[in-house]
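Novice: Below is one structure. I have some questions about it.
The values are calculated or read from the model by the stated rules, or taken from the named source; none is laboratory data. Since this is a predicted model, take the numbers as computed values, not measurements. Counting neighbours? That spans all protein chains shown, and the Cβs are built from the backbone with ideal geometry, glycine included.
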Amino acid sequence: MKKVRNFLRGKLFPCALIALLWAVGLALLALYLPRWLAPLAALERLIALFAGIAVVLSRDTPESKLSKLVLLLLLPWTGAVLCFLWRRKPRLLPPPRPPKDKEDGILSRAAAYAFPFTGSNVTYADGIDYFPTGKEAFRELLKDILSAESYIWLEYYIVARGALFNRLFFALSKKAEEGVDVRLLYDGFGSSLTLSKKDVRQLNSAGIRTHEARPLTARPSAVNRRNHRKIAVIDGEIAYTGGVNLADEYTGEKLRFGNWKDTAVRVTGEPAAIFASLIGKTLGIKPPSKKSKTNEGIPCAVIADEAKDNVFRAGAGTLGALVCSAKKSLCFFTPYFAPDEILLRELKRAVRAGVEVRIMIPHIPDKKTAFLLTRHFARELEDAGANVREYTDGFLHAKCAAADGEYAFVSSYNLDYRSLYLQSECGLLARDAGLAADVERDFSQAWETGTAVPRERFFARLARMLVQLFLPFL
């Protein structure tokens with residue numbers, strides 16, 4: 001009921017109501033007026049033709065083009081309007097700087113992909129700690145928050161009121177009283193039902209400066225482009241990232257779809273300053289930096305994307321580099337598995353090359369439409385020779401990968417179209433046998449209790465085929 005009240009009182013409800021009334025009105029207009037006004041129908045077809053030509057000639061992905069053309073056929077007037085509203089004009093980014101670490105192709109390529117957003121090539125961490133649960137990650141995060149001296153910057157997709165929020169509020173307000181610069185950046189859509197205006201006022205009154213990323217009212221047509229990052233930075237020396245949001249289900253204090261499985265990493269050293277610069281770039285401010293650059297430590301690359309039309313996406317490029325370079329083994333945790341054709345083809349190629357590819361997906365879905373696609377693509381990859389299992393202890397929300405016992409990638413990226421091509425995301429790729437072993441050990445423990453992907457039933461197949469037409473919008 002609380003979520004319903006927040007929805008009715010929040011910004012999402014009027015936006016959704018206006019969009020619904022607009023779509024229904026246009027659809028009714030298109031259905032009834034042509035009976036008396038044949039020229040209107042001809043005009044609609046002409047506009048649809050121009051919209052279709054614009055879609056075909058755009059530099060969009062094939063999946064997105066297909067979905068938009070289906071909209072043109074299904075929705076008179078509305079489909080053409082949506083195609084023009086959702087048009088993409090991908091911009092070319094400046095060429096990446098030559099990589100400094102020429103001995104490591106994967107890290108160098110990944111850092112080059114992300115350079116326009118991070119401003120950094122291959123970097124070196126003093127230490128990296130892996131957390132197989134959100135509870136462990138937040139236990140350490142709260143300790144680091146209480147030891148902060150200069151600033152605490154947080155950037156999360158979801159911020160929800162609850163036990164975790166209360167503990168975090170106490171710690172952050174205490175540090176704000178001590179003069180520490182405390183800022184919380186949250187997504188306008190992700191937190192629309194979980195963070196009320198009253199909560200925001202309470203945070204601000206306690207000295208915690210809040211910032212809403214990508215407000216719904218700023219550009220309603222860009223509702224699918226969210227800030228999906230999860231970052232916490234303390235003094236530019238410690239950073240956390242992964243799949244964990246600021247909500248009770250991520251720490252096990254609230255059971256939602258069973259035990260919530262998620263992962264995160266804590267990194268110290270130069271990468272923490274880079275994560276701080278990502279938050280600062282979104283806020284429009286420059287963080288103070290205490291950490292000087294070094295060529296010693298754990299080699300890694302901070303990966304990031306913005307919710308903008310870019311020809312090259314760092315996350316997609318990093319995952320592609322990881323898959324293409326694997327020689328022995330690949331394992332992935334992902335809650336949503338609906339990759340584009342390029343990544344799917346590379347995974348199949350890796351299987352044919354003799355790489356052991358294992359992917360773990362949820363058994364209990366949180367979004368049923370996305371789950372239909374996840375199981376479909378999992379079966380397709382199984383047919384190519386990969387191994388896929390479903391996580392049975394609860395909901396799987398972890399987003400990480402390991403390759404050849406040497407590389408590990410822990411991030412906010414899902415293996416789906418939205419994460420790879422539309423949203424602001426981030427993650428950490430490291431060449432560290434210890435971190436890779438931790439990820440693989442966690443994966444193997446979950447793998448042992450997993451279950452096989454079931455066969456697709458007839459009515460589920462019909463529903464999936466319909467949903468698959470709109471893959472880029474889910």
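Novice: Identify the residue in the stretch 163-195 that is touching an Asp or Glu at 6+ places or on another chain (Cβ under 6 Å) and not in a loop (DSSP other than H, G, I, E, B) and, among all such residues, is surrounded by the most Cβ atoms within 10 Å (Cβ to Cβ).
Specialist: In this case the residue turns out to be Leu164.
Novice: Follow-up. Which one is modelled with the highest pLDDT, of the residues in the stretch 100-119 that are surrounded by fewer than 21 Cβ atoms within 10 Å (Cβ to Cβ) and either in a loop (DSSP other than H, G, I, E, B) or touching a strand residue (DSSP E or B) at 6+ places or on another chain (Cβ under 6 Å) (or both)?
Specialist: Out of the qualifying residues, it is Gly119.
Novice: If you don't mind, another one. Kindly evaluate Thr294 against the criterion of being under 15 Å from the mean Cα position of the chain (by Cα) and either modelled with pLDDT of 95 or more or not small (Gly, Ala, Ser) (or both).
Specialist: So Thr294 does not fit the description; no.
Novice: Is it the case that the stretch 128-135 has a residue that's more than 13 Å from Ile238 (Cα to Cα) and among the basic types (Lys, Arg)?
Specialist: Looking through the stretch 128-135, at least one residue is more than 13 Å from Ile238 (Cα to Cα) and among the basic types (Lys, Arg).
Novice: Applying the selection to the stretch 120-144, what residues are over 22 Å from Ala401 (Cβ atoms) and either in a loop (DSSP other than H, G, I, E, B) or aliphatic (A, V, I, L, M) (or both)?
Specialist: Listed by number, the residues that qualify are Leu141, Leu142.
Novice: Answer yes if at least one residue in the stretch 316-330 is closer than 30 Å to Gly236 by Cα, without any contact (Cβ under 8 Å) to a residue 60 or more places away in the chain, under 23 Å from the mean Cα position of the chain (by Cα) and surrounded by fewer than 18 Cβ atoms within 10 Å (Cβ to Cβ), and no otherwise.
Specialist: No, the stretch 316-330 contains no residue that is closer than 30 Å to Gly236 by Cα, without any contact (Cβ under 8 Å) to a residue 60 or more places away in the chain, under 23 Å from the mean Cα position of the chain (by Cα) and surrounded by fewer than 18 Cβ atoms within 10 Å (Cβ to Cβ).
Novice: A further question follows. Among the residues of the stretch 137-162 satisfying the criterion of being out of contact with any Leu (no Cβ under 6 Å at 6 or more places or on another chain), among the acidic types (Asp, Glu) and at pLDDT 95 or above, which is surrounded by the most Cβ atoms within 10 Å (Cβ to Cβ)?
Specialist: Only one residue tops the list, namely Asp144.
Novice: Across the stretch 239-263, what is the number of residues that are of a type in the set (A, V, I, L, M, F, W, C), under 27 Å from Ile274 (Cα atoms) and not in a loop (DSSP other than H, G, I, E, B)?
Specialist: Summing the residues that are of a type in the set (A, V, I, L, M, F, W, C), under 27 Å from Ile274 (Cα atoms) and not in a loop (DSSP other than H, G, I, E, B) in the stretch 239-263 gives 2.
Novice: Kindly evaluate Lys3 against the criterion of being within 30 Å of the chain's Cα centre (by Cα), modelled with pLDDT of 75 or more and part of a helix (DSSP H, G or I).
Specialist: When the stated conditions are applied, Lys3 does not pass them.
Novice: Within the stretch 356-376, does at least one residue satisfy the condition of being within 21 Å of Ala111 (Cα to Cα), surrounded by 21 or more Cβ atoms within 10 Å (Cβ to Cβ) and within 20 Å of the chain's Cα centre (by Cα)?
Specialist: No, every residue in the stretch 356-376 fails to be within 21 Å of Ala111 (Cα to Cα), surrounded by 21 or more Cβ atoms within 10 Å (Cβ to Cβ) and within 20 Å of the chain's Cα centre (by Cα).
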